[in-house]
Amino acid sequence: LSIGTNDLIQYTLAVDRTDDTVDYLFDPLSPAVLTLIKRTIDTGKKYNIPVSMCGEMAGNPRYTRLLLGLGLRAFSTPPRASLEIKKVIVDTSLEEAARRFS
């Protein structure tokens, strides 16, 4: 199962990120979005279904620790971001991230 964050955020918040009049409302950190991500990851674990993530959120190192804390372990990233995201993953304590973000 792959969580596509661009569409997930757009349809959850009813905000088109390509529309300049409302793109400021496109918020990956919205509680509604984070709840859907967490529920998807938890349900995947419960039924032994691997969950990965693609999209801008997965490819942005600013969100990597948060996503690790929510339980995500598979990131589909653009090549330009892969090394930085890998460094964040290596430098992150999964236990600490889970305590902080789950």
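Miscellaneous remarks
- Top-ranked residue of the range 15-37 - restricted to ones that are touching a Phe, Trp or Tyr at 6+ places or on another chain (Cβ under 9 Å) and at pLDDT 95 or above, ranked as nearest to Phe101 (Cα to Cα): Leu34
- Within the range 54-70, residues that are over 12 Å from Arg99 (Cα atoms) and at pLDDT 95 or above have Cβ atoms under 9 Å from residues that are outside any loop (DSSP other than H, G, I, E, B) and among the basic types (Lys, Arg) in these pairs: Gly59/Arg80; Pro61/Lys87, counting only partners at least 6 apart in sequence or on another chain.
- Residue among Asp23, Asp16 that alone is more than 22 Å from Lys87 (Cβ to Cβ) and exposed (fewer than 12 other Cβ atoms within 10 Å of the Cβ): Asp23
- Residues that are within 18 Å of Asn6 (Cβ to Cβ) and either in a loop (DSSP other than H, G, I, E, B) or touching a helix residue (DSSP H, G or I) at 6+ places or on another chain (Cβ under 9 Å) (or both), drawn from the range 64-90: Thr64, Leu66, Leu67, Leu70, Leu72, Phe75, Ser76, Thr77, Pro78, Ala81, Ile85
- Screening Val90 with (1) surrounded by fewer than 18 Cβ atoms within 10 Å (Cβ to Cβ); (2) of a type in the set (A, V, I, L, M, F, W, C); (3) closer than 26 Å to Arg17 by Cα gives one miss only, at (3).
- The residues in the range 11-48 that are within 17 Å of the chain's Cα centre (by Cα) and part of a loop (DSSP other than H, G, I, E, B) can be counted, and the count is 6.
The values are calculated or read from the model by the stated rules, or taken from the named source; none is laboratory data. Predicted model, so just to flag it, every value in this text is computed and none were measured. Please note: Cβ atoms are built from the backbone with ideal geometry, for glycine as well, and neighbour counts cover all protein chains shown.
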